[in-house]
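Participant: Questions regarding the structure given below will be posed in turn.
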Amino acid sequence: MQRLLELFFRYNNLLFFIFLQWISLYLVFRYNDFHHEVLGSYLISISGYIQEKNHAIRSYFLLAEENEKLMKENIELKQKLVQTQEALNAARYRIPYSRKFNLLPDSLFPVSVFSFIPGRIVQNSIYDPYNFFLVNKGTKHGVYKEMGVISSDGVVGIIIETSENYSLGMSLLNKHLRISSKIKSTNIHGTIHWRGNNPKIVHLEYVPLHIPVQVGDTVITSSYSNFFPEGYHIGKIIEVKDPKDGQGFHEILVLLATDFYKLENIYLVQNQHHTEIQTLKQRILQYK
Amino acid sequence: MPLRLFAVFLMIIFLQIFFFNALTLFDLAYAFVFIIVLLLLPLDWDYKWVISLAFVVGIIMDISVLKLGIHAFTSVLMVTLRNSWIYIITPQINPNDKIDFKPFSQSFGWSLAYFTPLIFFYSLIYHLLADLQFTLNTFWKFFATGFYTSTLVLLIYTLFIKTSEKR
């Protein structure tokens, strides 16, 4: 202790200088928006780089399983593509016959507003009440805030921060996140919310008591969500309880389709009408 | 420090906030005239007092331009280099003689050698920290600010401060 004090007094000028410079830099990076953002982005990049290296070692041992899964997914997608092509062709010839216009131009067929960017999770937490994940794709690859994130199994979360090469997502296993959804068989809308307990089970909220709900029904994303395409898989209902607090809603437990323990390959959902929707949403405020 | 010199320093800081801050040329050359106050702080003052005052002056400037911390950081760094720089450009004095050292009795050449590099150094650190990168634009800002501020500081020092202090 004596020596420590001696050192402190011997280098007091240097320590005071460091102290003042530390305060200055704190003020710079805390209270200037530009500096704050650059630092945040830089930290995300560093964290992402470390996690990616770490992940590269871990994923080496999981390659076989992952390849198998990807191949399965590719085959399913190809099958769906062929089916869709066939359905489209059939629809064209079902239009009232006319020699001149027996085929409709492609522009008359609906085009999806959603497109996908493949990515990989390089860091993921599941044991906190507020979980996040880090994706190896950033603004350079076309990622922006509020993009939906899905896996081949189901919904994963939403992007909340981006840097040039990485982006930070709020996991479905985050108590702050709520996602518009519906029950596939009845089209009844509700909200998916994780209450911070089991990482495999979420709650489907706001489904009125007079609506019959069956265990085993599938829960999918609804058209109210701008982050995900309608009808994307979220999970299956495993239990329906009566509400404890006397409210008029079912207490519905949903087993998530996404296995957050094994989450690896994901897709970032790009809504091509995102800016347009946001602009309109902001206008709502004018009418309130 | 003589009371008159202290009043001059206060006036320079006041002028910096209400006049020189608005005297930026083409968004490239900034007039950081207040640096003269930091460079003319008495050499016999305790180092901790000098950097504390530099920090306070820097914070005042930061508040006046709404960019917290940048002037404070640069001011403290510059006054730390100040004493060493004086001993380098004035070999006839050594650190023990500093109490008797009078910058006002030095030649114009000495003032030029003292102020200009430190002002350019200040400009470099300030723009590097403000931009967080060194681009061509940063270089032009560093160069233009250094040149512009040096000119103004030497003019004010020679015409107003040095002549009145000599008397």
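Participant: Restricting attention to segment B:41-50, does a residue exist that is among the acidic types (Asp, Glu) and farther than 22 Å from A:Ile23 by Cα?
Facilitator: Keep residues of segment B:41-50 that are among the acidic types (Asp, Glu), which gives B:44, B:46.
Filter once more, so that each one left must be farther than 22 Å from A:Ile23 by Cα: B:44.
Scanning segment B:41-50 turns up at least one residue that is among the acidic types (Asp, Glu) and farther than 22 Å from A:Ile23 by Cα.
Participant: Please identify the pairs in which a residue from segment A:15-30 that is facing chain B (nearest Cβ under 7 Å) and small (Gly, Ala, Ser) has its Cβ atom under 8 Å from the Cβ atom of a residue that is in a helix (DSSP H, G or I) and surrounded by 13 or more Cβ atoms within 10 Å (Cβ to Cβ), counting only partners at least 6 apart or on another chain.
Facilitator: Qualifying pairs under 8 Å: A:Ser24/B:Phe55; A:Ser24/B:Gly58; A:Ser24/B:Ile70; A:Ser24/B:Ala72; A:Ser24/B:Phe73; A:Ser24/B:Val76.
Participant: I've got another one for you. Taking B:Phe115 as the residue in question, decide whether it is modelled with pLDDT of 90 or more, within 12 Å of the chain's Cα centre (by Cα) and part of a helix (DSSP H, G or I).
Facilitator: no
Participant: Criterion first (of a type outside the set (Gly, Ala, Ser), surrounded by 20 or more Cβ atoms within 10 Å (Cβ to Cβ) and either over 30 Å from A:Lys69 (Cα atoms) or not assigned by TED's automatic domain parsing to the domain that holds A:Phe133 (or both)) does A:His250 satisfy it? Talk me through it step by step, then tell me what you get.
Facilitator: Values: of a type outside the set (Gly, Ala, Ser): yes; surrounded by 20 or more Cβ atoms within 10 Å (Cβ to Cβ): yes; either over 30 Å from A:Lys69 (Cα atoms) or not assigned by TED's automatic domain parsing to the domain that holds A:Phe133 (or both): yes.
Yes, satisfied.
Participant: State yes or no: is A:Glu230 in contact with a strand residue (DSSP E or B) (Cβ under 8 Å, 6 or more places away or on another chain) and loosely packed, with under 15 Cβ neighbours inside 10 Å?
Facilitator: yes
Participant: I'd like the residue in segment B:60-74 that is buried (at least 19 other Cβ atoms within 10 Å of the Cβ) and hydrophobic (A, V, I, L, M, F, W, C) and, out of all such residues, is farthest from the other protein chains (Cβ to nearest Cβ).
Facilitator: B:Met61
Participant: Please find, within segment A:143-186, the residue that is farthest from A:Gln51 (Cα to Cα) out of those that are polar (S, T, N, Q) and open to solvent by less than 10 Å² (accessible area, probe 1.4 Å).
Facilitator: Checking each candidate, the answer is A:Ser181.
Participant: Here is a check on your reading of the model: is A:Gln51 open to solvent by 100 Å² or more (accessible area, probe 1.4 Å), more than 14 Å from every other protein chain (Cβ to nearest Cβ) and farther than 24 Å from B:Ala72 by Cα?
Facilitator: No, not satisfied.
Participant: Then there is this: If we keep just the residues of segment B:39-51 that are facing another protein chain (nearest Cβ under 10 Å) and loosely packed, with under 15 Cβ neighbours inside 10 Å, which is modelled with the highest pLDDT?
Facilitator: Only one residue tops the list, namely B:Lys48.
The values are calculated or read from the model by the stated rules, or taken from the named source; none is laboratory data. Predicted model only: the values in this text are computed from it and were never measured. For neighbour counting, all protein chains shown are included, and Cβ atoms are generated from backbone atoms with ideal geometry for every residue, glycine included. Surface areas here come from the heavy atoms of the whole protein model, side chains and all, with no ligands, DNA or RNA. Shrake-Rupley method; radii C 1.70, N 1.55, O 1.52, S 1.80 Å.
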